[in-house]
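Coordinate-derived values only; no laboratory data. The model shown is predicted, which means the values in this text are computed figures rather than measured ones. Note that each Cβ is placed from the backbone with ideal geometry, even for glycine, and that neighbours are counted across all protein chains shown.
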Amino acid sequence: MTETPSNTPDPVATPPETKAAPPKAKPPAPEEQPFASFVPELLLPALSKEIEAYGGPAPELVFEQGAMPVVGAECWMVRGQLPGERRFWLCFTRPDISSAKTIALAEGAGSPSLLESFLIDEKKMTLPLLVSRVVQRLNGQKWLGPN
């Protein structure tokens, strides 16, 4: 019988090597969803909820492709209407939330006469940022809550 030195581990007593479990894949960020599902499934409900939480009335929101207000170029847009004939258009020049965006506002029966650049300096577009800035812009018009 051979003797094993006391400072060497017993080969039978060592546990077998275990492979590390692969890291769980992170679910995609909301902004990584396709544009055609992001806007109606995430943006519209979040925007409606935030407008109401801000003290505004429930808006009518529609996601559609059509002619951009003022200039008439084709775009994807969120068209919103609030009581008192207050209307707004959030336009995307491409079907991508990071594309160039504009916003137009109209009150009463008239058409919008001004198209404003919207969120032009932001490096990364997120759902909370988009929602908060639209609501901020509408509140700037004194269309929401007790202004």
key: Residues within the range 62-86 that are touching a Leu at 6+ places or on another chain (Cβ under 7 Å), in a strand (DSSP E or B) and either buried (at least 20 other Cβ atoms within 10 Å of the Cβ) or basic (K, R) (or both), tallied   = 3
query = Residues of the range 112-131 being out of contact with any Pro (no Cβ under 7 Å at 6 or more places or on another chain) and within 20 Å of R87 (Cβ to Cβ), which ones?
reply = S113, L114, E116, S117, F118, L119, L130, V131
message = Checking the structure you have, find out if any residue of the range 27-44 is in contact (Cβ under 8 Å) with a residue 12 or more places away in the chain, outside any strand (DSSP E or B) and either in contact with a Gly (Cβ under 6 Å, 6 or more places away or on another chain) or within 19 Å of E85 (Cα to Cα) (or both).
response = no
